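No lab work stands behind these numbers, since they all come straight from the coordinates. Keep in mind the model is a prediction, meaning the values are calculated, not measured. Backbone-built Cβ (ideal geometry, glycine too); neighbour counts: all protein chains shown.
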Amino acid sequence: MAPYSIHKRVHEAGAVAYVTARLMECTFIAIGIVCMLGISTLRQDALSGTTAALGQGIFDVYQWTFRIGPGFFVGVGNGLILGWLMYTADRERHRRGDRELDNRVARKTAMPR
C-alpha cells in the first residue's frame, strides 16, 4: 500500500490500477499455493483410483495460476503501470523544476529598485 500513497500524488487512477494489479498477482500466487497444498493432501489421503486424474487437474490449475499471476500481472503491474507512473512523475518534476529555475533566473536578473 505504500506505493499508492506515493503515486497518488502523480495520478490517482494510475496508483489504484497499480495496487489492483499487484493484488491480482498476489491472488493468483495464493491460488497456486493452495493447489500445491491440495496436491500434497491428495497424495496422502485420496483413494487410489482418483489420485492421478485429480492430481493432474490440480497441477494444471497450479501451472496456469503461475503463468497468469507472476507471468502476466507482473508485466502489466510493474512493467506498464509502474513505468508509466514513474515516467509521469519525472516529467512533472522536470516541469516544476523548470518553472522554479525560471523564477530564480528572473529574480537574479530583475533590476533593483
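Normalise the Cα radius of gyration of region 1-86 by 2.2 N^0.38 Å (N = residues in it) and let me know the number.
For region 1-86, the normalised Cα radius of gyration is 1.47.
Around I29, with a cut-off of 15 angstrom between Cβ atoms, what is the net charge of the other residues, counting Lys and Arg +1 and Asp and Glu -1?
+1
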